[in-house]
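Here's the structure we're looking at; comments come further down.
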Amino acid sequence: MYEEQQSEEHGPLAGFTVGVTAARRADELGALLQRRGASVLRAPVLRIVPLADDGELLAATKDLIDRVPDVVVATTAIGFRGWIEAADGWGLGEVLVDRLRGVELLARGPKVKGAVRAAGLTEDWSPSSESMAEVLDRLLDEGVDGRRIVIQLHGEPLPGFVEALKAAGAEVVGVPVYRWMPPEDIAPVDRLLDAAVSRGVDAVTFTSAPAAQSLLSRAEERGLLPELLAALAHDVLPACVGPVTALPLQARGVDTVQPARFRLGPLVQILCQELPARTRALPIAGHHVEIRGHAVLVDGALRPVPPAGMSLLRALSRRPGWVVARADLLRALPGAGRDEHAVETAMARLRTALGAPKLIQTVVKRGYRLALDPASDAKYADA
């Protein structure tokens, strides 16, 4: 009952900071996270080239009109709609739709079917699984030798898809409906990298494989890749919208969490499950204390804590009830130097932030300890 009341009051992500790397739908994802209590650090690692300005898409569209393919595979609703709208802007919309009426048109999933039909077209087939693997199986079963297949690309790699079709004898043409470019302002990306390496975020979300690769590439440029990989492996949760998005991270040995359904809502829900499950709840001085990313729940009340205070609290919580020397706490403080007075100052602010000063005991001439309830001492003695 206590946890249910706490979640209703603060949201399951209260006290956690989540990095958002998305460019497209970043506001939607950020709003979903904030609605559940999270603090959001936005850092679009890529930007999308406007379709009307994309000469590569224009050239691909003219080529399709001049050399009508046998098969067209529509992969995303937003991409297909954008393609038709861009063609309209170039004065090619009607002729493009007319060409598409004469080909075998495959639509990956119900949203894509809706976009196809909104354009006045009818798909020949759509997989029930929304899986490109099922689309590939159908094409290979039909036989593709000598056939020209156009695939509406959507910014993500299609591992093995194009290669399998080419190996079976098909001519494969990609239509880059929107392309990823580096962001015009790299500063937010660098802030996210610095926060991830310093454990200033609790999770980072990825909604496309290019975004994941872009963040890794920027970390490598700055000489931070080993530190980033270490953070993602242990302390910062990498959450991907699906398995294709996770590929660049998996190639670096990073395990990710993914929802069963590849949508933003389920992505947020898996964070709501995973992040609270990674926190530590302790009975301290008669209070129920849950230590989160940038805040602490004390008997259900959310207490924001400054970064220095969180560093001290985490150091104390590694061995609850044990005395931690000032020198060790000083090392835990970011940029504190050699003056142990910095520990006393940060500790005073931490106690004020917690609103319950007796949670942390001063052990004269030794250091500090969490005032773990006596009944819990044995449980955490070897923690």
Residue check, Pro210 against (1) at pLDDT below 95; (2) over 15 Å from the mean Cα position of the chain (by Cα), all met but one. Which one? (2)
So, of the residues in the stretch 328-337 that are modelled with pLDDT of 90 or more and touching a strand residue (DSSP E or B) at 6+ places or on another chain (Cβ under 9 Å), which turns out to be nearest to Arg351 (Cα to Cα)? Leu329
So Gly79 passes all but one of these: (1) at pLDDT 90 or above; (2) within 18 Å of Gly174 (Cβ to Cβ); (3) of a type in the set (Gly, Ala, Ser). Which condition number does it fail? (1)
When Gly286 is evaluated against the numbered criteria (1) over 27 Å from Val236 (Cβ atoms); (2) out of contact with any Asp or Glu (no Cβ under 8 Å at 6 or more places or on another chain); (3) small (Gly, Ala, Ser), which criterion, by number, is the only one it fails? (2)
Residues (open to solvent by less than 70 Å² (accessible area, probe 1.4 Å) and either of a type in the set (Lys, Arg) or touching a helix residue (DSSP H, G or I) at 6+ places or on another chain (Cβ under 7 Å) (or both)) located in the stretch 116-137: Val116, Ala119, Gly120, Leu121, Glu123, Trp125, Ser126, Pro127, Met132, Leu136
Lone unmet requirement of (1) surrounded by fewer than 16 Cβ atoms within 10 Å (Cβ to Cβ); (2) farther than 30 Å from Pro12 by Cβ for Ala342: (1)
For the stretch 363-376, enumerate the residues that are surrounded by 14 or more Cβ atoms within 10 Å (Cβ to Cβ) and either at pLDDT 85 or above or within 16 Å of Ala346 (Cβ to Cβ) (or both). Gly367, Tyr368, Arg369, Leu370, Ala371, Leu372
Restricting attention to the stretch 256-305, report how many residues are of a type in the set (Asp, Glu) and either under 25 Å from Glu28 (Cβ atoms) or touching a Leu at 6+ places or on another chain (Cβ under 8 Å) (or both). 2
Among the listed residues Arg99, Arg147, which satisfies the condition of being modelled with pLDDT of 95 or more, in contact with a helix residue (DSSP H, G or I) (Cβ under 7 Å, 6 or more places away or on another chain) and of a type outside the set (Val, Ile, Thr)? Arg99
Pick from the stretch 258-307, criterion open to solvent by less than 30 Å² (accessible area, probe 1.4 Å), among the aliphatic types (A, V, I, L, M) and part of a helix (DSSP H, G or I), ranking: nearest to Gly355 (Cα to Cα): Leu275
Tell me which of these Ser129 doesn't satisfy, since it passes every other one: (1) at pLDDT below 95; (2) among the hydroxyl-bearing types (Ser, Thr, Tyr); (3) under 23 Å from Glu85 (Cβ atoms). (3)
Pairs where the first residue, in the stretch 26-38, is among the small types (Gly, Ala, Ser) and the second is modelled with pLDDT of 95 or more and open to solvent by 60 Å² or more (accessible area, probe 1.4 Å), C-beta under 9 Å, 6+ apart: Ala26/Arg42; Gly30/Arg42
Those residues of the stretch 93-107 which are of a type in the set (Gly, Ala, Ser) and either under 19 Å from Pro176 (Cβ atoms) or in a helix (DSSP H, G or I) (or both) amount to Gly93, Ala107
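Could you count how many residues in the stretch 339-369 are in a helix (DSSP H, G or I), over 18 Å from Arg318 (Cβ atoms) and free of Cβ contacts under 8 Å to residues at least 60 places away in the same chain?
Result for the stretch 339-369: 10.
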Looking at Thr76, Thr61, Thr122, which one is more than 30 Å from Pro12 (Cα to Cα) and in contact with a His (Cβ under 8 Å, 6 or more places away or on another chain)? Thr76
Please work out which one of (1) closer than 28 Å to Ala211 by Cα; (2) part of a loop (DSSP other than H, G, I, E, B) is the condition Val112 fails and give its number. (2)
Can you name every residue in the stretch 17-30 that is modelled with pLDDT of 95 or more and either open to solvent by 10 Å² or more (accessible area, probe 1.4 Å) or over 25 Å from Gln213 (Cβ atoms) (or both)? Thr17
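The values are calculated or read from the model by the stated rules, or taken from the named source; none is laboratory data. Predicted model, so just to flag it, every value in this text is computed and none were measured. All Cβ positions, glycine included, derive from the backbone under ideal geometry; neighbour counts span all protein chains shown. Each accessible area value is taken on the protein alone, full model and side chains, heavy atoms only, with ligands, DNA and RNA left out. Shrake-Rupley method; radii C 1.70, N 1.55, O 1.52, S 1.80 Å.
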